[in-house]
Structures are given as structure tokens and as C-alpha cells.
1. Residue by residue through region B:65-75, note down the ones that are of a type outside the set (K, R), surrounded by fewer than 18 Cβ atoms within 10 Å (Cβ to Cβ) and modelled with pLDDT of 95 or more.
2. Can you run down the residue pairs with Cβ atoms below 8 Å, 6 or more apart or on separate chains, where the first is in region A:131-152 and on the phi > 0 side of the Ramachandran plot and the partner is not charged (D, E, K, R)?
3. What residue, of A:A30, A:A7, is touching a residue at least 40 places away in the same chain (Cβ under 8 Å) and either within 14 Å of chain B (Cβ to nearest Cβ) or farther than 30 Å from A:D128 by Cα (or both)?
4. Restricting attention to region A:1-38, and to residues there that are assigned to a loop (DSSP other than H, G, I, E, B) and more than 15 Å from the chain's Cα centre (by Cα), which single residue is farthest from A:D139 (Cα to Cα)?
5. Quick one: A:G43 ticks every box in (1) surrounded by fewer than 21 Cβ atoms within 10 Å (Cβ to Cβ); (2) in contact with a helix residue (DSSP H, G or I) (Cβ under 9 Å, 6 or more places away or on another chain); (3) part of a helix (DSSP H, G or I); (4) of a type outside the set (K, R) except a single one, so which number is it?
6. For region B:35-64, give me the residue count where each residue is more than 12 Å from chain A (Cβ to nearest Cβ), part of a helix (DSSP H, G or I) and either crowded, with 16+ Cβ neighbours inside 10 Å or of a type in the set (D, E, K, R) (or both).
7. Of the numbered conditions (1) on the phi > 0 side of the Ramachandran plot; (2) more than 9 Å from chain A (Cβ to nearest Cβ), B:T2 satisfies every one except a single condition; which is it?
8. Quick one: how many residues across region A:91-137 are away from every other protein chain (no Cβ under 12 Å), in contact with a Leu (Cβ under 9 Å, 6 or more places away or on another chain) and small (G, A, S)?
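The values are calculated or read from the model by the stated rules, or taken from the named source; none is laboratory data. Predicted model, so just to flag it, every value in this text is computed and none were measured. In this analysis, Cβ positions are derived from the backbone assuming ideal geometry, glycine residues included, and neighbour counts consider all displayed protein chains.
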Amino acid sequence: MSEKKLALIATKGTLDWAYPPFILASTAAALGYQTQIFFTFYGLQLLRKDMNLKVSPLGNPGMPMPLGMDKWFPTIGTAIPGMEAVMSSMMKAKMKKKGVASVAELRELCLESDVKLIACQMTVDLFDMQPDDFIDGIDYAGAATFFEFAGDSDVNLFI
Amino acid sequence: MTEYTEKFDATGLNCPLPILRSKKVLTQMNSGEVLYVISTDSGSVKDFDAFCKQTGHELLESSEADGKYHYYIRKA
């Protein structure tokens, strides 16, 4: 079997959107794909040592709310201070209860299976982020580097 | 009952952990040896089938009993 390649671009930095890139990348690696994820803009939050990711119900009518909260607090309720923290901890508790892996665990599995993680240098500079903020074992590069790998990948996804 | 070399209990784990952890165990095993996996994730039925098809391992048996799923995989 010749080795297939998967190239992902991760652009979002919330708890919910942290899952697709890490789940797909770790699974692809388990299936024998050579895999690379390019993290840009808010996606860089997924490379921090301390991720502290949150999920926001604000502007997200698709998010299932517990206890009929969406009926009691239509739209504007999701902007109440503290709502984001509450929803984030509820989501994390639910995931743990249902046996869903943590984002940190999936990221660790990606690193173990040699998924290449690349931080967009331009965004790192733009937001004045420091390499010290990020986990070890990642690369810093730009769009041309992404295409070097993506150009002959079998699957390319923008997340 | 099918003979097996290693057993991995993935009870309580959800997608994609049963596959990822099983793959890890398979990596430690020798070609021709059989891994027995137990899972409670209903999505794992199709996933183990797809995993084996794509990696070349042989899915000897895939069955359900008492709400648990049982897989026997022969390493390629």
C-alpha cells in the first residue's frame, strides 16, 4: 500500500472546533496516512501549552442547550456574562462522561504518531505570540511550506 | 471462541479512541498475531471494518453481545 497524505488547515480556536482537525489527523495517521496540520489565525490556540479552550453559545443557534435554556434565554441570554464559562465547563463535563477524548489527549496522539504540526509564522508575529507559549515539537512556516506538502496530498481540508 | 494473542478493552471509550488505541496495541504485535478488542461504541462496527480494509489487517470476526462489540483482528 503506497502512503497516502492528508493536509489540514486549522483556523478555529474554540473547544468544539478543536476536535475535527485532531480527530481526523490522529485517525488518518492510524490508517497510515502521512499527515500535516497547518494552524493559522485562531487555530494557533490549539498549539498552546495551556489551551483553556472554550465553547460559546453566542451567535450559535445550532448549539444544544441543557434544561431548555434556549427557550428561557432566547439569543440575548447567550450574551449574559459568565455564560461562556458555564457552557464550556458543561461541555467538558459531558465529553468526559461520554468517554470522548480531551483535546490535549488527541493532540498528544497526533504527536506520538508523527503528525506534523505547523504554526503559521505570520499569525504568530501578528498576535505577538511567543514560541514559549506553544508546545515543543512544532514547526513555524508559511503558505509556501503548506503547499509543498498539500500539493501532492490525497486529501486537503480547511477547518 | 476465537483464539487471540492480545486483548484490549475499549469499554467506555468513544470515537476515535477505540481505533487509535487498538492501532497502538497492534504496533507492538507481530504479523499474524490476533488482537481481541471489546468496545461499547456502536460507531466502532463500521470503523473497525474500514480500519482493517485500509490498513490490510484481517478482521476475523465482528460481533455484538450484551451491548458490547467484539472484534478479532489478525495483524498484517
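1. Step one: of region B:65-75, the residues of a type outside the set (K, R) are B:65-67, B:69-73.
Pick out the ones that are also surrounded by fewer than 18 Cβ atoms within 10 Å (Cβ to Cβ) and you get B:65-67, B:70.
Across region B:65-75, the qualifying residue is only B:H70.
2. Cβ pairs passing all conditions: A:G137/A:L111; A:G137/A:L117.
3. On the way: A:A7 fails: either within 14 Å of chain B (Cβ to nearest Cβ) or farther than 30 Å from A:D128 by Cα (or both).
Selected residue: A:A30, the only one of A:A30, A:A7 that is touching a residue at least 40 places away in the same chain (Cβ under 8 Å) and either within 14 Å of chain B (Cβ to nearest Cβ) or farther than 30 Å from A:D128 by Cα (or both).
4. A:M1
5. Here A:G43 clears every test but (1).
6. Counting residues in region B:35-64 that are more than 12 Å from chain A (Cβ to nearest Cβ), part of a helix (DSSP H, G or I) and either crowded, with 16+ Cβ neighbours inside 10 Å or of a type in the set (D, E, K, R) (or both) gives 2.
7. B:T2 satisfies all of (1) on the phi > 0 side of the Ramachandran plot; (2) more than 9 Å from chain A (Cβ to nearest Cβ) except (1).
8. Total meeting the criteria: 2.
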